[in-house]
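Contents: one structure, followed by commentary.
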Amino acid sequence: MSEHVWCHGPNCHTQDTQDRIRGVKGSKVLRTRKVKQYSNHIKMYSYFCSNGCYNDFANKYVREVIAIAPRTVALETPIDVEKTRLTDWSGNSYTETKIVRVDNNGG
Ligand SMILES: [Zn+2]
């Protein structure tokens, strides 16, 4: 595996920064940045040089990305809701609402 990949941001090569300048006088370009790869640490940002490049990619290809794992039904997390009546420093009472996760693993 190569130690670098090219940033996958579709507009990376259009950003005016000095580190992107390549070429000789008369034929200079702004070039896509390289992103260093760490073989045991592959994450989304292993393919993008910045949050901006990641956002550009995600916004351009959102339909394709969603098609990989479409959410067709809502997910649910079982909970209990505990309400406790309390009194604040000035003597006014109020209700504290606490969300408690329910363990559904055979308990
Ligand atoms: Zn980039």
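Descriptive notes on the structure:
- Condition met for residue 24 (β-branched (Val, Ile, Thr), surrounded by 10 or more Cβ atoms within 10 Å (Cβ to Cβ) and away from the ligand (no atom under 13 Å from the Cβ)): no
- So residue 81, is it aliphatic (A, V, I, L, M), open to solvent by 80 Å² or more (accessible area, probe 1.4 Å) and in a strand (DSSP E or B): yes
- Inside the stretch 84-107, residues that are part of a loop (DSSP other than H, G, I, E, B) and free of Cβ contacts under 8 Å to residues at least 24 places away in the same chain make up a count of 9.
- Taking the stretch 53-68 as the range and being open to solvent by 70 Å² or more (accessible area, probe 1.4 Å) and among the acidic types (Asp, Glu) as the test, only 64 passes.
Per-residue answers, yes or no, for (1) within 16 Å of the ligand (Cβ to nearest atom); (2) open to solvent by 70 Å² or more (accessible area, probe 1.4 Å):
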{"site": "3", "(1), (2)": "no, yes"}
{"site": "18", "(1), (2)": "yes, yes"}
{"site": "28", "(1), (2)": "no, yes"}
{"site": "32", "(1), (2)": "yes, no"}
{"site": "42", "(1), (2)": "no, yes"}
{"site": "77", "(1), (2)": "no, yes"}
{"site": "88", "(1), (2)": "no, no"}
{"site": "96", "(1), (2)": "no, yes"}
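The values are calculated or read from the model by the stated rules, or taken from the named source; none is laboratory data. Model, not experiment: these values are computed from the prediction. Positions of Cβ are backbone-derived with ideal geometry, glycine not excepted, and every protein chain shown enters the neighbour counts. These accessible areas exclude ligands, DNA and RNA; they are computed on the full protein's heavy atoms, side chains included. Shrake-Rupley method; radii C 1.70, N 1.55, O 1.52, S 1.80 Å.
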